[in-house]
1. I need H158, H65 ordered by Cβ neighbour count within 10 Å, fewest first.
2. Once R0 is set to 35 Å, what does the formula 1/(1 + (r/R0)^6) return for the Cβ-Cβ distance between N154 and Q61, expressed as a FRET efficiency to the nearest 0.05?
3. Treating the beta-carbon of each Lys and Arg as +1 and of each Asp and Glu as -1, no other charges, what is the dipole magnitude of segment 126-173 about its Cα centre, to the nearest 20 debye?
4. For the charge dipole of segment 56-173, defined by +1 on Lys and Arg C-beta atoms and -1 on Asp and Glu C-beta atoms about the Cα centroid, which residue among V70, L128, A118 has the Cα displaced farthest towards the positive pole?
5. Let me make sure I get this right: for segment 126-173, a, b and c are the square roots of the gyration tensor eigenvalues over alpha carbons, sorted descending. Under 1.5 in a/c it's rounded, otherwise prolate if a/b > b/c, else oblate. Which is it?
6. Given labels modelled 7 Å from the Cα in the Cβ direction, how far is it in nm from V70 to K134?
7. Quick one: of K98/K219; K9/K84; K142/K172, which pairs are farther than 22 Å apart, Cα to Cα?
8. Rank the residues S173, S220 as a footprinting-exposure proxy: fewest other Cβ atoms within 10 Å of their Cβ go first.
Amino acid sequence: MSIKTRNQKLIIVLGPTASGKSDLAVSLAKKINGEVISADSRQVYKGLDIGSGKITKEEMQGIPHCLLGVADPKRRFSVAQYKKLAQVAIKKIQRQGKIPIICGGTGFYIQAVVDNIALPEVKPDWKLRKQLEKFNTDELFKKLKKLDPRRSRNIDSHNQRRLIRALEIVIKSGKPVPLFVIPAKAGIQNLKSGFRVKPGMTDYKNLTPPSTLILGIKKSKKK
């Protein structure tokens, strides 16, 4: 396999907490000369090691891991910021002739990169957030479902912070989050998120590698 061919590869390892994602990602990286990029909305913060399931140096087995502890827990870290950092990490790994492996359980992080979602730059509106915080998650979800039904299909309906942010975006921008999917001709295996999007509207400046393998780990609820 030539370096040019390898640079067109991207592997995604996703699944729920404690499903064995990290072990699989490290095992793959050792076999194919890859590096891991974390896609976890908690592990991205500095210092949040306990309770987040953050991989240890011993568990890494010498495999470099990117985007662990890169954000200040005192500041908001958006999906748009994650996407930019992940794209930089992917290109850096590719330049080394290695294969990037994105590993994590935060689906919207992964989808933002793989489907190249164009995320609007909406600044925080603290007054609006304070108003929305008065509602419980069921009420927030119903509001989001009415204003942005597509986003409601792939959001954690019990996560108040994410629901408020999604509502903030649609209210301030006056339009739903533009979930643009790269057309099939680009070769991307898109994540199945339950909605239809018209192709041809993607920003092609920063396309992800055209050959993406998505591996999902599924465990029984009992296990």
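1. Values: H158 11, H65 23.
By the 10 Å Cβ count, ascending: H158, H65.
2. Values: r = 33 Å, r/R0 = 0.93.
E between N154 and Q61, to the nearest 0.05, is 0.60.
3. Working: 15 positive and 6 negative charges, 32 e Å.
Dipole magnitude for segment 126-173 comes out near 160 debye.
4. The residue sitting most towards the positive pole is L128.
5. Details: a/c = 1.78, a/b = 1.22, b/c = 1.45.
Note, shape of segment 126-173 comes out oblate.
6. 3.9 nm
7. Details: K98/K219 30 Å; K9/K84 18 Å; K142/K172 18 Å.
Over 22 Å Cα-Cα: K98/K219.
8. Values: S173 13, S220 5.
By the 10 Å Cβ count, ascending, the order reads S220, S173.
Bear in mind these aren't lab numbers, they're just calculated from the coordinates by the rules spelled out. Computed from a prediction, not measured in an experiment: that's the story for all the values here. Glycine gets a Cβ as well: all are built from the backbone with ideal geometry, and neighbour counts include every protein chain shown.
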